[in-house]
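Worksheet for the structure shown next.
The values are calculated or read from the model by the stated rules, or taken from the named source; none is laboratory data. Source: prediction; values computed, not measured. FYI the Cβ positions are ideal-geometry reconstructions off the backbone, even for glycines, and counts take in every protein chain you see.
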Amino acid sequence: MTFEELGIESRLLKAITEMGFEKPMPVQEQVLPVLLAEDTDLVGLAQTGTGKTAAFGLPAIQRLDTGNPSTEVLILSPTRELCLQIAKDLKQYSKYVEDCSVVAVYGGASIEVQKKELKNGAKIIVATPGRIHDMIRRRYVDLSQVKVVVLDEADEMLDMGFKDDLDAILEQTPDTKNTWLFSATMPDEVARIAKGYMNNPQEITVGTRNSGAQNVRHCYYLVQAKDRYLALKRIADFNPNIYAIIFCRTRTETQEVATALIRDGYNADALHGDLSQPQRDHVMNRFRCKNLQMLVATDVAARGLDVSNLTHVINYNLPDEIEVYTHRSGRTGRADKTGISIAIVNLREKHKIKKIEAMIKKKFEQLPIPTGMEVCQKQFFNMIHRVEHVDVNYDEINPFIGEVVKQLEWMDKEELIRRFVSIEFNRFLEYYRNAPDLNVKEKEERKAIEKKAKNTVHDDSGMARLMINLGYKDKIQPQRLIGMINDRCRDTKIKIGKIDISELFTYIDVDGNYANDIIEAFHGETYRGRPIIMQAAKSKRKDKDEARKSYQEHKKTQGRSYNDAKPRNDRRNDRKAEKRDRDSRKKRRR
Ligand code: AMP
């Protein structure tokens, strides 16, 4: 089918052809004939990036009565970025349609300027719910003649708490309007909205409900929690042309990971709610034009960032609510391209993969973390590929070439290649020479956890005593310990009893039913670089001895930080460099 066969009129055809739309995407093939032919409500279940803006945008424009100035279409979207993107798309589609004014109304910009724009006439308003609700209250906007309301990314809007705004806005629109709702997922809340606001909506599903995009591969790497960052670096190094969003759970984690990546020489930056709007715009623009290869972001901040050619989506941590995974992974594999969604998980989080598989109805592949040598090999051939494909400025280089050839005459071709490649390659070899294997040996790890949980004793009230190798010496407080447990066992509320802190270790009484969960949750974790031991309490003497041993072992290796698993050589070189710096500073002072 062509757009013309689907019923798109010539003025719109001309514009979308100029935009490079050759044939309709599946969602357009299904939605366009319905919305162009009849007055109907519609629920469209489609991922972002499937072409749904044109699926609702083209009929919305084609059905306008441009003979009068009243607003006829209201499109609601969850974020400012998405709102601007939709408005931009609609302006392009309607390039050859006279009197089709599209106005974007969103928070974080001058309300007076937007008021003026509305006054000049808006056939189509694209808005975020909070701002348009505000404008309705101030009577800046008249929605009484609206014929079509589009709720785009309805699940996101509800997730972001816009339910009350939506109610208030829709109340201002006539009952005769048509409502077109688009959503990537169909949680109960969205189903309720569809039922409450719409009359017999036609339902169109592209792909399966709540499914991941079709052309996305879902993979996971199993690592110890402490190795998460190193695993991320391996993934980045193994994919030299990576263009990815890395999702973290919190703003702090987002900033930490981005800072570490930048410090380690990667082309990365952070996007989270602690940044001001201009700072966020700046980072997003750099990412959009590929000046940044990796964007470390929270879910909220990344909403509305429209990038269609990502190579990877990386779940540095899986989201608390698994539905969010669909949104994350749906950011790659857009517009008929293929993409990879990666999750870095530890043993305890593995069960989440199963839940997600059931939701998206697709299997994850478990991939081994590449070894140091595999990374080097990949980088090596990538360099050779770059040599083959680099643009050579013959005019600028030719004047020097004669002299250089003479100078290198004594080398044969192979030696020459070796040397040129080594200039960049040595850095990787050096780093990865003694790189540890980050793959978790699942059976062995499970055994180790079982051993730690062995002999957990429950008292009469069902509480069990655990020992953790953190104490006064670590300035640990009961509140902090409770926080650490809650943070790691987020899906359950665990009763915690007496906390008895000694110099090097602490006894914590916990609900016996969850003792094993807690032990597993702390397995492989570190505290300020020191491996945490969390296990069933034994005797005071044994526990103290064990805690002291771990403390002393760690002290020997102190001075290593986030980068702590850097290969020995690197650390030695770092220390040498620091010493050189110190010496030269001393010299200068003298
Ligand atoms: P959307 O889901 O509307 O954000 O669209 C995702 C991307 O696909 C956007 O960059 C659109 O410009 C592009 N797109 C939409 N429809 C088509 C089409 N029929 N042919 C080519 N590209 C399209």
List the residue pairs whose Cβ atoms are under 7 Å apart, where the first residue sits in region 243-257 and is closer than 20 Å to L310 by Cβ, the second is hydroxyl-bearing (S, T, Y) and in a loop (DSSP other than H, G, I, E, B), and the two are 6 or more positions apart or on different chains.
Y243/T311; A244/T311; I246/Y316; F247/Y316; C248/T298; C248/Y316; T254/T298; V257/Y316
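Of everything in region 19-55, what is under 32 Å from the mean Cα position of the chain (by Cα) and part of a helix (DSSP H, G or I)? Give them in sequence order.
Filtering region 19-55 for residues under 32 Å from the mean Cα position of the chain (by Cα) gives 19-32, 42-55.
Within region 19-55, P26, V27, Q28, E29, Q30, V31, L32, K52, T53, A54, A55 qualify.
Can you find even one residue in region 80-93 that is part of a loop (DSSP other than H, G, I, E, B) and either among the β-branched types (V, I, T) or away from the ligand (no atom under 13 Å from the Cβ) (or both)?
Filtering region 80-93 for residues part of a loop (DSSP other than H, G, I, E, B) gives none.
Within region 80-93 (the criterion being part of a loop (DSSP other than H, G, I, E, B) and either among the β-branched types (V, I, T) or away from the ligand (no atom under 13 Å from the Cβ) (or both)), the answer is no, since none of the residues qualifies.
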Search region 261-307 for residues being within 16 Å of the ligand (Cβ to nearest atom) and more than 29 Å from E323 (Cβ to Cβ), and hand back the single one that is nearest to the chain's Cα centre (by Cα).
K290
Look at T326 and say whether it is assigned to a helix (DSSP H, G or I), of a type in the set (S, T, Y), within 16 Å of the ligand (Cβ to nearest atom) and at pLDDT below 90.
yes
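Can you go through I342, I360 and tell me which one is buried (at least 20 other Cβ atoms within 10 Å of the Cβ), of a type outside the set (K, R) and out of contact with any Ser or Thr (no Cβ under 6 Å at 6 or more places or on another chain)?
Step by step, each of I342, I360 is checked, and only I342 is buried (at least 20 other Cβ atoms within 10 Å of the Cβ), of a type outside the set (K, R) and out of contact with any Ser or Thr (no Cβ under 6 Å at 6 or more places or on another chain).
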Tell me which of these M19 doesn't satisfy, since it passes every other one: (1) away from the ligand (no atom under 11 Å from the Cβ); (2) over 28 Å from I360 (Cα atoms).
(1)
Quick check: anything in region 419-427 more than 17 Å from I235 (Cα to Cα) and over 43 Å from the mean Cα position of the chain (by Cα)?
no
Mind checking which pairs have a first residue in region 1-14 that is under 14 Å from R63 (Cα atoms) and a second that is of a type in the set (S, T, Y) and crowded, with 16+ Cβ neighbours inside 10 Å, Cβ under 6 Å, 6 or more apart or different chains?
L12/Y93
T40 versus (1) farther than 24 Å from V105 by Cα; (2) near the ligand (Cβ under 10 Å from one of its atoms); (3) of a type in the set (S, T, Y): which is the lone unmet condition?
(2)
Which of the residues that make up region 116-131 are closer than 14 Å to C100 by Cα and either part of a loop (DSSP other than H, G, I, E, B) or modelled with pLDDT of 95 or more (or both)?
N120, G121, A122, K123, I124, I125, V126
Among the residues of region 498-518, what is the count of those that are closer than 18 Å to R541 by Cα and either free of Cβ contacts under 8 Å to residues at least 12 places away in the same chain or among the basic types (K, R) (or both)?
1
What's the number of the condition V31 fails, among (1) more than 15 Å from the ligand (Cβ to nearest atom); (2) hydrophobic (A, V, I, L, M, F, W, C); (3) over 25 Å from G130 (Cβ atoms)?
(1)
Considering residues of region 43-73 that are among the β-branched types (V, I, T) and either away from the ligand (no atom under 16 Å from the Cβ) or modelled with pLDDT of 90 or more (or both) only, the residue surrounded by the fewest Cβ atoms within 10 Å (Cβ to Cβ)
T66
